[in-house]
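The values are calculated or read from the model by the stated rules, or taken from the named source; none is laboratory data. Please read these numbers as outputs of a predicted model, since none were measured by experiment. Virtual Cβ from ideal backbone geometry, glycine too; neighbours counted across all protein chains shown. Each accessible area value is taken on the protein alone, full model and side chains, heavy atoms only, with ligands, DNA and RNA left out. Shrake-Rupley method; radii C 1.70, N 1.55, O 1.52, S 1.80 Å.
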Amino acid sequence: EIPTQLGNLRNLTMLNLKGNDLDKSIPLELGNLTAVVDVRLNSNRLAGVLPSSLGNLINLQILKVDANELVGLIPTELGALIHLKSFYLYNNSFTGDMPESVCALVTNPSFDSGGAMDKPKADCDFDCDCCTTFCLKT
């Protein structure tokens, strides 16, 4: 489980919890980490939804939540992450469409971020016109 107290580390610039067999949900408090540029929560057993509070991470450049048990919609608030360069969300159970606000980060290189975001990496059954898809065989 990710401790909610991590949200108090407001000067943290990198959070790498990859491959730690973490379960439960991603705490809303991670949205308080406004200095963070790199969040890697991939290859765990995190469940629930991707919190909309992650849209507060105004300096975020890398968000990896792939290889978990996440569900639900991708929050439209992630479209506010104008510095985001890499977004990995495959090998989860997200539903719905990729929000247009997130796809705009790919198609609009005029942001003050040095260029457009790379295409998000998503499962092949997730509806996303701006994504690179991974069809994982089981």
Point to revise | region 1-68, dipole about Cα centre (Lys/Arg Cβ +1, Asp/Glu Cβ -1), debye to the nearest 20 | key: 100
Exercise for review: May I ask you to derive the FRET efficiency for Leu28 and Ser93 from their Cβ-Cβ distance with R0 = 30 Å, giving the value to the nearest 0.05?
Suggested key: 0.90
Review point. In debye, nearest 20: dipole of the chain around its Cα centre with unit charges on the Cβ of K, R (+) and D, E (-)?
Key: 400
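Computed FRET efficiency, Cβ-Cβ of Val71 and Asn11, R0 22 Å: what is it to the nearest 0.05?
Calculated value: 0.10.
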Revision key, fill the gap. Rounded to one decimal in nm, the spacing of the 7 Å Cα→Cβ label points at Ala35 and Thr107 is 3.7
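Could you tell me the convex hull volume per residue, in Å³, taken over the Cα atoms of the chain?
Values: hull volume 12.3 nm³, N = 138.
With only Cα atoms used, the chain gives 89 Å³ per residue.
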**Study point:** Signed unit charges on C-beta, dipole axis of the chain, positive-most listed residue Asn56, Asn16, Ile74
**Key:** Asn16
Check your understanding: How big is the convex hull of the Cα atoms of region 10-52, per residue, in Å³?
Key -> 66
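How large, in percent, is the carbon and sulfur part of the accessible surface of region 1-42 at a probe radius of 1.4 Å? Walk me through the numbers on the way to the answer.
Details: 1090 of 2320 Å².
The value for region 1-42 is 47 percent carbon and sulfur by accessible area.
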